Every structure is written in C-alpha cells, then in structure tokens.
C-alpha cells in the first residue's frame, strides 16, 4: 500500500510540475524568435561558470557561499533520495551511492545545507529588521527554507536510523555515525518508527516543493539555466537592433507582449525576485518611480493571468502606457546596473528600450524636452539646435593650431568629443586640454570639424532608432571620405556607440576613450609630469566607460601618475552609482528634480576630497552643478584631461 501511495503522489507532483512548465513555455513562445544558439562553446563555458561554479552569485560573497551550499547540497541529496526510494520500495541499493567517498560527500553537504538554511534565515531576519530600506522577505521564502530544512534533516535521520537497525554504520558516513550516538539509546521500535516517519517526511516535502515551484520564485530552478545559456553575446554596451513588431505595423517595437522576444519573456520566468536589481538601480535608490524587478514581475503576472487568451489570439494590453506608465519607462538612466547585478542574466534594459521605441514610433506621450532634442538633432545635427559655422570645430578646440579632418585628411587619429564639445564652454576647455596633450605627445590627429553630427547615442537610448541611424550613417559616410580608421573620444557615450554599435551600420574603427589613450601615452613614456599635483581626488566612473566597457584601471593610473591621492566613493568601479544623466535624462532633467544626480553629488562631497574628476562631459556637468548647489565652493570638478594638463606636461626628450 505504501508503494502505491508513494508512486501516486510522485506521478501527481511530477505531472502538475510538467503541466505548469509546459504552460509557461507556450507563453514564452508567444514572443518573437531570437537567434540565441550561436557560439556554443562560449555559451557552454559561461553556463558552467555561472551555473555550476556560481561565478555571478559569488560576486556577493556571503549569499553566494550560502547559495552554493544549497545548490550543490540539493543535487547530492537528490541522488541520495533515489537510494532511499530504492531501499524502501524495491529492497535494493545503488552501488556507487553506498561507496565511502560518496557517503563522506553526502554527509558533508547535509551539514553545509543546514548551514545554508540557518545562514539565509539569519541573514533575512537581519536585513528585514535592520536594513529595511531595500530588503523584503515574504512568508513564502521562510516556508521554502523550512522545507529544505525538513528534506535535509529527514534524510540524515533516515540513514542514521537505517544504520542502527541494520547495525551497520557504513564507512565514510561520518555525520551519520556522530548522529547515531545520539539516537542509539532509543529502542529498536522507536528507531523503526523514526525511520518510517523520516522517510515519509522526506518525500512528502519533496512533493510539496514540486507543487510549490510553479507559484514561487523557485521557478528559476527550471528556467534560469536556459536563460544563462541563451544570454545575449553582444557587447554589453550594444543595444539589440530595432525590429518590426508581430502585428506588422511598421516602426513600432515592444508595445505588446508578443513584440518582446522569446528571450525577453524567458527573463520573466527566470527572475529570482532577489532584489539585487533594485539595490543597484539609481532611480529606485533615489525614490524615483522605477523598480527593475517590477519589469519582469508585471509581465510574468500578466502572462500567467492572460496567457491563455493571448494563445487564443486575443489582443495584448499595451506595455508602454498600459502595463507600465510613462514615468516608469522614462526614468531609467540606462546605466546597466540592474543587468550587471542580476545573477541569472535577466535583461531589464532591453525591455525598457523597446517600450521607448514604441512610444517614439507612435509619436505620443514624448516629453516636450525630448521632442525638442529630436527636432534639434534632425535639423542641425546636434541637440543644442545651433548650426556650426563653416570651419567651426565640433570638439571645442577650434583654434587654428588644431587642424580639422577636412584640413588634414588621412590623420592617424580623429579626435571626436561629441555634442557638448561644440557648444558647452567647460567641455570645450576639456577638449582643448586633450588637444594640447596630444600635440605635446606628438600624436598625429585631427578634429572632426563642423560637418560631424551627434553620434546618435542619446537618440537611440531615448528610443528613436530612425534618428540614430540617420546620424550614424552620415558620420560614417563623412569619415570614409577622409580615411578615418582610428578615433579618440572625449565622451564615453560616443565611445560606446561608435565602438559597439556603428559596426552594425558598416562603421568599423579602432575607438579609444581619451582616459585610456592618455594612460597609454604615459605608459609609453611620450609624456612626463614636471609638477605633480598633491591633491585629494575622488574619481567618478562613468557608466558607459566603466560598467559597459570595463575601463576602470586606466583613468586611475592617469590620476595617480599626476600626483592625485585617490579617495574612492563607497560605490565605485563596477558598482559605481550613475550621475543621473544617461538615457536622455541630461536633456530632460530641467522638467523634474534629478534626485539621482543629487544623491551621487552627496556621495562625492562626503569623501571630503578637493576635486572630483571624471572622464565624461555629462558627468562633469552634473557634478559641477550639483556640488555647487549643495555646498558652494567646497569641491572643484574637472575632466581627467584638464587634471593631467594642469600637472604640467612636457614632451619627453
């Protein structure tokens, strides 16, 4: 009778789980196909690192370690569970599961799993009651930890009771042997009852977990490994191209749930709901309306509630302006912190960009300042809306001694500083400083000249794909005319776009950000510093230079070579906090208070450094404004090229 009940419950639990998984796979397949099976070797390598070695989760040492205990422990315990079933149901054992080496490993992981359960429970209690600013833990989470505790202790109890009844403590089972000393005073009848209760508790708990998985965050156990394997292999700073939506209406993207890709919908069921994306989201941490976890949560809930109707070809609710309000979509700075933090490679940002593309394509609900930006770039080639005069340089260094590419075609390097370098006074000073340094180092370069347009980065992050392609193709055609092959950029946004996104339009260049290029000049001995600056400096990592392109060391090398005493902000390098200017917010921030910028400026001021140095015109402008507003005259703000020039550079003779 026991065997019948066992198999009946097993079939019910597995059938229910299989049905729920199949149902969600059908919902995922509502999305557009996406090529995710190329470069299999690279995918398998990353899969093994992330899933088996827990590389991504290990970036958070304590939870990463505890999660590793549970994951590997669960695998080992499930193997032992097969042995438990074989003994009780078929009266046999599985040979390799009785080997001393396996028994030693099993006992080790039983102990590690108990450590993981207790560690996670203590951590959640601590964070819930002492770090309420970001952490949330539900009753379901504690229930799952309790179920894991039952699985682990019931297995230990079963094997201990079995060893006592059989009077056969197998070699290698060191934890069972220790536990047996505590149970040995019990009589054979009590031990037999304990063994039977443990066996049933073990399997009933496993069946319960199988029934709970589809309705809990632990659905990631099923879908997250596939999400890791099928992650995008594009450069981190490269957006996926726009697309024609499933409805067939030209120019609209991401407006209905079916217009997302299958990978994007797979994201929603892979999300662990851990909240790491919240913790790294500047608008969320600044109490603006944007919660990255909600992006996947809202879509997932919608699919689970309305998926059957969608399968029956019922129309989808709008994503932009329906499931998500417009402020939610426009508040994103596109800093990439959410994507970087996610342990299972969920791509939050691509969904926001697709919804922005939909808004722009529909030409509705575009903020006025953003529409002005589009109009200015469309008509004049820059967001300021002023037409460069003939011969005027686009990089703010338009003195006669700094030649333009039209005057010096075939120069080894094109110096391109972006839109702010044309009209913004402080950025023009930074561009001039960079040009002087290049001249001192004997670099063969030329400026882009008045005919160059905006690189198109901001238009693309705002969702205007058509305008991005127009500006990019115009620049590519102009640079081809002058034989441009290598480009130095003053702006990380220009660097990222020209390096990672122009190639899809035929623009292939060797692109270097000015901070990295300056570090190279110092390393090669082409420059020397005659008067090092004995100054306390805090360096702000621009998102598109650091997090997107992993350029962290070179700017710090330049600053230290120039005599700076570096004071790091609490959030720096890969975990740097955005200045609040990205995603188009630099051009629309006048409409609302930019809390992200204020918070980052407060972090810089808290270091009590004399200077904040950055390598981005947007960041420099934001810091200059906000630090002066918060504490006038306390902290100066410079671009890294200005700081290096002020250290008095001379060519090495």
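Can you confirm whether the stretch 65-80 contains a residue that is in contact with a strand residue (DSSP E or B) (Cβ under 6 Å, 6 or more places away or on another chain) and surrounded by 18 or more Cβ atoms within 10 Å (Cβ to Cβ)? No, there is no match, as no residue in the stretch 65-80 is in contact with a strand residue (DSSP E or B) (Cβ under 6 Å, 6 or more places away or on another chain) and surrounded by 18 or more Cβ atoms within 10 Å (Cβ to Cβ).
Residues in the stretch 144-183 that are free of Cβ contacts under 8 Å to residues at least 40 places away in the same chain and within 30 Å of residue 277 (Cα to Cα): 145, 146, 149. Output the residues belonging to the stretch 279-303 that are under 16 Å from residue 260 (Cα atoms) and in contact (Cβ under 8 Å) with a residue 60 or more places away in the chain. The answer is 303, and nothing else.
Please find, within the stretch 1-33, the residue that is farthest from residue 199 (Cα to Cα) out of those that are surrounded by 14 or more Cβ atoms within 10 Å (Cβ to Cβ) and more than 39 Å from the chain's Cα centre (by Cα). My answer is 9. Here the strands (runs of 3 or more DSSP E) wholly within the stretch 426-532 that include at least 1 residues being at pLDDT 90 or above and over 22 Å from residue 352 (Cα atoms) are 445-447, 486-489, 510-513. Condition (residue is more than 23 Å from residue 241 (Cβ to Cβ) and crowded, with 18+ Cβ neighbours inside 10 Å) applied to the stretch 342-351: is it met by at least one residue? Yes, that holds for at least one residue. Evaluation of residue 490 against the conditions (1) outside the structural domain of residue 609 (by TED's automatic domain parsing); (2) on the phi < 0 side of the Ramachandran plot; (3) surrounded by fewer than 24 Cβ atoms within 10 Å (Cβ to Cβ) shows that the sole unmet condition is (3). Across the stretch 374-425, the qualifying residues are those that are closer than 29 Å to residue 442 by Cα and part of a helix (DSSP H, G or I), and the one among them that is modelled with the highest pLDDT is 420. Applying the set (1) within 25 Å of the chain's Cα centre (by Cα); (2) in a helix (DSSP H, G or I) to residue 148 leaves exactly one unmet item: (1). Applying the condition of being surrounded by fewer than 17 Cβ atoms within 10 Å (Cβ to Cβ), in contact with a helix residue (DSSP H, G or I) (Cβ under 8 Å, 6 or more places away or on another chain) and assigned to a helix (DSSP H, G or I) to the stretch 125-142 and asking which residue is modelled with the highest pLDDT yields 142.
The values are calculated or read from the model by the stated rules, or taken from the named source; none is laboratory data. The structure presented is a predicted model; accordingly, all values stated were derived computationally and were not measured. When we count neighbours, we look across all protein chains shown, and the Cβ atoms used for this are built from the backbone with ideal geometry, even at glycine.
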